[in-house]
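The values are calculated or read from the model by the stated rules, or taken from the named source; none is laboratory data. As the structure is a prediction and not an experimental result, all values here were calculated from the model. Cβ coordinates were reconstructed from backbone atoms using ideal geometry, including for glycine residues, and neighbour counts include every protein chain displayed.
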Amino acid sequence: MNYAADSLEAFLEREYKLVVVEIKQTFGSTPREAGAIMLVSPTDTHGTIGGGQMEHLAIDNARALLAGVSDQLEMDIPLGPDIGQCCGGRVILSFRIGDEASRAALDARLKKRLESLPEVWLFGAGHVGRALADALLLLPLKTYAVETRKSELDLMSAGASHRLVAIPEAMVKDIAPGSAVVILTHDHALDFLIAREALARDDLAYVGMIGSKAKRATFASWARKEGLGDDAIGRLVLPIGGKAVSDKRPAVIAAMTSAEILVALERRKRN
């Protein structure tokens with residue numbers, strides 16, 4: 001089941017009978033980490049614990065539990081040739097029937113996880129901003145979209161929290177440390193004002209701006225006059241999306257920028 005098409009809330013509302021499958025422990029190389037969960041109903045699933053034959057075995061056992069023909073609440077699965085996988089590690093899975101108590105616990109756990117997700121702030125809801133919001137929707141991130149134009153913001157994915165403001169650069173100071181900021185407005189002057197505020201901070205994981213080499217040179221000259229040092233200017237990713245792919249379609253830029261953001265957030269977490 002596609003997570004973007006079927007939210008957890010929709011799945012829980014639709015599926016009364018279900019089993020919560022969780023990776024309890026991992027040893028060696030495994031496709032997912034301890035704590036990863038998957039929900040299994042008699043006819044559907046939500047989420048993944050890593051795919052492959054291991055996941056099929058888990059689904060079969062979960063449905064056997066629901067049918068009353070199994071009482072196995074834990075599985076110890078070596079990820080080797082015996083089940084047609086080559087990770088080489090081992091996982092211990094736990095199974096819980098989705099009664100009211102376990103549903104409430106799952107809801108509380110996921111809400112807590114959501115609160116701890118890194119934030120990505122998109123300044124601009126044009127074609128690339130909307131494509132980037134759509135790409136980020138599939139990732140473990142909280143996305144905020146900031147715009148001065150209601151007409152453009154109304155076209156933005158509902159998966160992003162919308163902020164309609166007159167002075168977007170004033171919002172930068174309130175963004176949580178460790179967040180990512182992506183600047184893609186319709187106005188170069190506004191881009192520069194937002195970037196100046198973002199680069200004046202040294203606690204953001206990523207600051208990127210849509211544009212070109214010429215735009216970067218123009219911004220650098222302007223930013224120095226505004227008092228920004230070369231170290232701060234050097235933290236700006238411009239253009240976003242890198243140079244590995246020359247395709248400039250919004251969806252392609254969004255995919256490449258999403259990867260940049262994930263790498264920057266991971267680097268920040270490790271440091």
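Side notes on the structure shown:
- The lone exception for residue 92 - which of (1) over 23 Å from residue 257 (Cα atoms); (2) touching a strand residue (DSSP E or B) at 6+ places or on another chain (Cβ under 7 Å); (3) at pLDDT below 90 it fails: (3)
- Verdict on residue 110 being of a type outside the set (Ser, Thr, Tyr) and either at pLDDT below 90 or within 30 Å of residue 18 (Cα to Cα) (or both): yes
- Restricting the first member to the stretch 20-41 and to residues that are at negative phi, and the second to residues that are surrounded by fewer than 18 Cβ atoms within 10 Å (Cβ to Cβ) and among the hydroxyl-bearing types (Ser, Thr, Tyr), the beta-carbon pairs closer than 7 Å and six or more apart or on different chains are 20/102; 22/94; 24/94; 38/48.
- Qualifying residue in the stretch 171-182 (condition: in the same structural domain as residue 242 (by TED's automatic domain parsing), more than 22 Å from the chain's Cα centre (by Cα) and either basic (Lys, Arg) or modelled with pLDDT of 90 or more (or both)): yes
- Complete set of residues in the stretch 14-38 that are closer than 12 Å to residue 95 by Cα and either assigned to a strand (DSSP E or B) or among the acidic types (Asp, Glu) (or both): 19, 20, 21, 22, 23, 24, 37, 38
- Among (1) touching a His at 6+ places or on another chain (Cβ under 7 Å); (2) free of Cβ contacts under 8 Å to residues at least 40 places away in the same chain, the one test that residue 56 misses: (1)
Let's see how each residue does on (1) among the small types (Gly, Ala, Ser); (2) within 22 Å of residue 120 (Cα to Cα); (3) out of contact with any Pro (no Cβ under 6 Å at 6 or more places or on another chain):
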| site | (1), (2), (3) |
| --- | --- |
| 160 | yes, yes, yes |
| 186 | no, yes, yes |
| 193 | no, yes, yes |
| 201 | no, yes, yes |
| 218 | no, no, yes |
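- Selection within the stretch 225-240 - touching a residue at least 24 places away in the same chain (Cβ under 8 Å) and assigned to a loop (DSSP other than H, G, I, E, B): 226, 228, 235, 238, 239, 240
- In summary, strands (runs of 3 or more DSSP E) completely within the stretch 39-152 and bearing 1 or more residues that are in the same structural domain as residue 22 (by TED's automatic domain parsing), over 30 Å from residue 207 (Cα atoms) and in contact with a Pro (Cβ under 9 Å, 6 or more places away or on another chain) occur at 90-97.
- Any hit, the stretch 185-192, residues being surrounded by fewer than 17 Cβ atoms within 10 Å (Cβ to Cβ), touching a residue at least 40 places away in the same chain (Cβ under 8 Å) and assigned to a loop (DSSP other than H, G, I, E, B): yes
- Restricting attention to the stretch 193-205, the residues that are of a type outside the set (D, E, K, R) and free of Cβ contacts under 8 Å to residues at least 40 places away in the same chain total 5.
- All of 244, 255, 251 fail the test of being surrounded by fewer than 19 Cβ atoms within 10 Å (Cβ to Cβ), assigned to a loop (DSSP other than H, G, I, E, B) and touching a residue at least 12 places away in the same chain (Cβ under 8 Å), apart from 244.
Listed here are the residues, each with its yes/no results for (1) under 11 Å from residue 161 (Cα atoms); (2) in contact (Cβ under 8 Å) with a residue 12 or more places away in the chain; (3) of a type outside the set (Val, Ile, Thr); (4) in contact with a Leu (Cβ under 9 Å, 6 or more places away or on another chain).
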site: 109; (1), (2), (3), (4): no, no, yes, no
site: 118; (1), (2), (3), (4): no, yes, yes, yes
site: 122; (1), (2), (3), (4): yes, yes, yes, yes
site: 126; (1), (2), (3), (4): no, yes, yes, yes
site: 129; (1), (2), (3), (4): no, yes, yes, yes
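- Counting the residues of the stretch 96-106 that are in contact (Cβ under 8 Å) with a residue 24 or more places away in the chain and out of contact with any helix residue (DSSP H, G or I) (no Cβ under 6 Å at 6 or more places or on another chain) gives 5.
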